[in-house]
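The values are calculated or read from the model by the stated rules, or taken from the named source; none is laboratory data. Nothing here was measured: the structure is a model prediction, and the numbers come from that model. So basically every Cβ, Gly included, is an ideal-geometry build from the backbone, and we count neighbours across all protein chains shown. Surface accessibility is based on the protein's heavy atoms, side chains included, excluding ligands, DNA and RNA. Shrake-Rupley method; radii C 1.70, N 1.55, O 1.52, S 1.80 Å.
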Amino acid sequence: MKYALIGEKLGHSMSKILHEKYFEIKGENSTYDLVEIKKDNFDLEFKKLIAKGYDGINVTIPYKKDVLPYLDSISPEAEKIGAVNTIKIKNGRLYGYNTDFFGIIRTFERYGIEIKNKDTVILGTGGASAAVKEACLNLGAKSVVFVSRKRKIHCGMLTKTYDEFISGDVLINATPVGMYPDIDACPIDKINFSAVFDLIYNPEKTLLLKRAASQGKKAVNGLYMLISQGIYAQSIWQNIPFEYEINEKVFDEVKKYENNGN
C-alpha cells in the first residue's frame with residue numbers, strides 16, 4: 001500500500017515516522033511519502049499526485065479546506081468541521097474524513113480530561129480549532145468559547161479576544177504559539193482552568209504546559225492526538241477497526257524516537 005502526506009511545509013512533520021513505526025509493528029510492506037506542494041501550484045500538483053496511484057493521503061496546513069472540491073464524498077464529522085485531513089482513494093473515487101476529531105477525543109479519554117458538562121475554551125481560529133469544537137460538543141461540553149486576536153464570527157460563534165478575562169474548566173491551545181523554535185512564547189498569561197491541552201507536541205512541554213503543571217493543573221501535549229489521528233487514518237484506509245493496542249505501541253515508539261534526540 002502507498003500513502004502520502006501533503007502540505008506546504010513538512011520539514012518538522014512526525015507523520016512519516018509514526019506511519020513507518022505502524023508498518024514496522026504490523027509487518028507491512030507499505031510506504032509513506034511527504035509531498036510538499038506550493039500554494040500557487042496546488043491544483044496541478046494535487047491532480048498529478050492522485051494519478052500516481054496512492055491508496056490514501058493525509059492533508060495538513062494549509063490544504064485541509066482546499067481539497068474539498070476534489071472529493072466525491074465526505075464523512076459526517078468532516079462535513080461539520082468543514083475540513084478534511086484524510087483521503088481514501090478507491091476505484092478512482094476520493095473519500096474525505098477528519099481524523100483530528102477522533103484523535104482529540106482519544107486524547108481527552110486517555111488522559112482523563114473531563115469534557116462533559118464543562119466550560120471549554122479554545123485558543124485560535126485556525127483549521128484545527130473547528131475539529132476541537134466538534135470533539136468538545138460530541139463529548140457533551142456545557143459551553144465552547146473561541147478566543148482570537150480580533151473579535152469575529154468563527155464556526156457560527158462570536159469570539160472573545162485575548163484582552164478579555166478568559167476562564168473555564170478546560171483550555172485547549174489550537175494556535176502555533178509556543179511551537180518550536182519560538183519556545184519562549186505563551187498564548188495567555190493567566191491559566192484560570194483546571195486542565196490544559198496544547199495541540200503542540202514540539203517542544204514536548206510548551207511554556208503554557210509548564211506554567212499549567214507548575215500550578216498543579218493537568219497539562220497534556222498534542223503527541224497522542226497526532227498518533228491517534230494517524231492510526232485512525234490507517235483504520236479508514238485499510239477498512240479495519242481502530243487498533244487501540246497498536247496506537248499505544250506506536251505512541252511509545254515515537255516518544256522513544258523523540259527522546260533519543262531525533
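A few remarks follow.
- Options Gln234, Gln215, Gln238: the member that is touching a helix residue (DSSP H, G or I) at 6+ places or on another chain (Cβ under 8 Å) and touching a residue at least 24 places away in the same chain (Cβ under 8 Å): Gln234
- Taken as a whole, the structure leaves Tyr22 outside the set of residues that are crowded, with 17+ Cβ neighbours inside 10 Å, touching a helix residue (DSSP H, G or I) at 6+ places or on another chain (Cβ under 8 Å) and closer than 18 Å to Gly126 by Cα.
- Evaluation of Ile183 against the conditions (1) in contact (Cβ under 8 Å) with a residue 40 or more places away in the chain; (2) out of contact with any strand residue (DSSP E or B) (no Cβ under 9 Å at 6 or more places or on another chain); (3) among the aliphatic types (A, V, I, L, M) shows that the sole unmet condition is (1).
- For the criterion of being free of Cβ contacts under 8 Å to residues at least 60 places away in the same chain, under 27 Å from Lys80 (Cβ atoms) and open to solvent by 40 Å² or more (accessible area, probe 1.4 Å), Lys160 passes.
- Condition check for Lys39: under 17 Å from Ala128 (Cα atoms) and not hydroxyl-bearing (Ser, Thr, Tyr): no
- Listed here are the strands (runs of 3 or more DSSP E) enclosed by segment 42-97 that have at least 3 residues being open to solvent by less than 60 Å² (accessible area, probe 1.4 Å), in contact (Cβ under 8 Å) with a residue 40 or more places away in the chain and in contact with a helix residue (DSSP H, G or I) (Cβ under 9 Å, 6 or more places away or on another chain): 56-59.
- Qualifying positions in segment 146-195 - among the hydroxyl-bearing types (Ser, Thr, Tyr), part of a loop (DSSP other than H, G, I, E, B) and under 22 Å from Cys136 (Cα atoms): Thr159, Tyr162, Thr175, Ser194
Conditions (1) of a type in the set (Lys, Arg); (2) at positive phi, marked per residue:
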{"site": "Thr159", "(1), (2)": "no, no"}
{"site": "Glu164", "(1), (2)": "no, no"}
{"site": "Asp169", "(1), (2)": "no, no"}
{"site": "Gly178", "(1), (2)": "no, yes"}
{"site": "Ile183", "(1), (2)": "no, no"}
{"site": "Ile188", "(1), (2)": "no, no"}
{"site": "Ala213", "(1), (2)": "no, no"}
{"site": "Lys217", "(1), (2)": "yes, no"}
{"site": "Ile240", "(1), (2)": "no, no"}
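- Number of the exception - Thr125 against (1) at pLDDT below 95; (2) more than 22 Å from Ser167 (Cβ to Cβ); (3) not aliphatic (A, V, I, L, M): (2)
- Among residues of segment 98-111 being open to solvent by less than 50 Å² (accessible area, probe 1.4 Å) and not aliphatic (A, V, I, L, M), the one that is farthest from Lys52 (Cα to Cα) is Phe108.
- Of residues in segment 210-262 being touching a strand residue (DSSP E or B) at 6+ places or on another chain (Cβ under 6 Å) and assigned to a helix (DSSP H, G or I), the one surrounded by the most Cβ atoms within 10 Å (Cβ to Cβ): Ala233
- Residue pairs meeting the criteria (Cβ under 9 Å; at least 6 apart or on separate chains; first among the polar types (S, T, N, Q), in segment 250-261; second loosely packed, with under 15 Cβ neighbours inside 10 Å): Asn259/Glu204
- Remark: Leu139 falls outside the filter, which requires a residue to be at pLDDT below 95 and open to solvent by 30 Å² or more (accessible area, probe 1.4 Å).
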